[in-house]
Amino acid sequence: MIDALHIAASGLRSGQQQLDTISNNVANLQTPGFKRSRVNFADIATPLPAVGADLTLALAEQRPGGVRVASTSTSFAPGEMRQTGNPLDVAIDGAGFYEFEATDGSLVYSRSGQFRVDEEGSLRNFQGLRLSGDVRVPQEGRDLKISPEGEVTVQLPDEIDRTVVGTIEVVRFSAAELMRSIGDNLYAVTPQAGAATYGRAGEAGAGKLRQGQMEMANVEIIEEMSGLVLAQRAYQLNARVLQAADQVMDTINNLRR
């Protein structure tokens, strides 16, 4: 019965994390650039037999140990591209991230390209983080355009030709799904994700930029709701196991009196 309690408790803990993850996916259904998360489960391994022990007997004594959350991974499958008409909305059509400078000086990454121009001419996201790179938009610059390759140009007064004011780079990782989500649609690098690879948009596997478009969340509501039903049912079943084990133990305790 003690084993049943531990197994049910592990199932409840894992089920709760799965419910929280699915709820977060659904809550961000309309968040531009959001990428859905997925909980990965693993069996809790029983201890290995001691050296020299009877392997046949050890295997016969193996018991289920319950379940645990092995990891939480992010799916970077592309979301729907939606026209906005805003020249500072720039979606990445393909693989890659924008790199931003966090307030503590570290570098963070995002797929969301909703920019604004600050007083110094730098591009910032809606949280106020500055886009890495050498883009500087002069205050007198007009008709800002961003090419699919990331080249940023403006029309300056008394100038016939357009002026290049910088280039937006796209950053890639060999295992982007292993990056760590830090909230607000931002991701931090982990050793498992690999080193950052910088390059022009549209080259070496990096996606091209789409000015005036916004990538929507890659959350499929039907899939998430189906997963939510299954997670709730699993949670309920584990709760019943916990309750049944408690009732059996209570009956045993009463028999001893």
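The values are calculated or read from the model by the stated rules, or taken from the named source; none is laboratory data. From a predicted model like this one, the values you see are computed outputs, not experimental measurements. Cβ coordinates were reconstructed from backbone atoms using ideal geometry, including for glycine residues, and neighbour counts include every protein chain displayed.
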(message) For segment 138-179, give me each residue that is in a strand (DSSP E or B), surrounded by 12 or more Cβ atoms within 10 Å (Cβ to Cβ) and at positive phi.
(response) Gly166
(request) Note down all Cβ pairs under 6 Å where the first residue falls in segment 16-33 and is outside the structural domain of Thr72 (by TED's automatic domain parsing) and free of Cβ contacts under 8 Å to residues at least 24 places away in the same chain, the second is of a type in the set (A, V, I, L, M) and in a helix (DSSP H, G or I), and they're at least six residues apart or on different chains. (result) none
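Let me confirm something: among Gly33, Gly11, Gly15, which residue is surrounded by 17 or more Cβ atoms within 10 Å (Cβ to Cβ) and not in a helix (DSSP H, G or I)?
Details: Gly11 fails: not in a helix (DSSP H, G or I); Gly15 fails: not in a helix (DSSP H, G or I).
When all the criteria are applied, what remains is Gly33.
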(request) Give just the number: which of (1) under 15 Å from Leu209 (Cβ atoms); (2) assigned to a strand (DSSP E or B); (3) among the β-branched types (Val, Ile, Thr) does Val135 not satisfy? (result) (2)
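Would you check if Met225 is in contact (Cβ under 8 Å) with a residue 40 or more places away in the chain, in contact with a Lys or Arg (Cβ under 7 Å, 6 or more places away or on another chain) and among the hydrophobic types (A, V, I, L, M, F, W, C)?
Values: in contact (Cβ under 8 Å) with a residue 40 or more places away in the chain: yes; in contact with a Lys or Arg (Cβ under 7 Å, 6 or more places away or on another chain): no; among the hydrophobic types (A, V, I, L, M, F, W, C): yes.
When the stated conditions are applied, Met225 does not pass them.
With the condition kept exactly as written, say whether any residue in segment 198-212 is free of Cβ contacts under 8 Å to residues at least 24 places away in the same chain and outside the structural domain of Thr31 (by TED's automatic domain parsing). Can you show your working first?
Here is the first cut: in segment 198-212, the ones free of Cβ contacts under 8 Å to residues at least 24 places away in the same chain are none.
No.
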(message) Can you list residue pairs whose Cβ atoms sit under 7 Å apart, with the first residue in segment 135-163 being closer than 24 Å to Gly202 by Cβ and the second being among the β-branched types (Val, Ile, Thr) and in a loop (DSSP other than H, G, I, E, B)? Count only pairs 6 or more apart in sequence or on different chains.
(response) Val135/Ile168; Leu144/Val137; Ile146/Ile168; Gly150/Ile168; Val152/Val135; Val152/Ile168; Val154/Val137
(request) Please enumerate the residues belonging to segment 1-28 that are hydrophobic (A, V, I, L, M, F, W, C) and in contact with a helix residue (DSSP H, G or I) (Cβ under 6 Å, 6 or more places away or on another chain). (result) Met1, Ala4, Leu5, Ala8, Leu12, Leu19, Ile22, Val26
(request) Within segment 82-113, track down each residue that is farther than 14 Å from Arg130 by Cβ and not in a loop (DSSP other than H, G, I, E, B). (result) Arg82, Gln83, Asp89, Val90, Ala91, Ile92, Asp93, Ala95, Phe97
(request) Report, by residue number, each residue of segment 96-111 that is modelled with pLDDT under 90 and among the polar types (S, T, N, Q). (result) Thr103
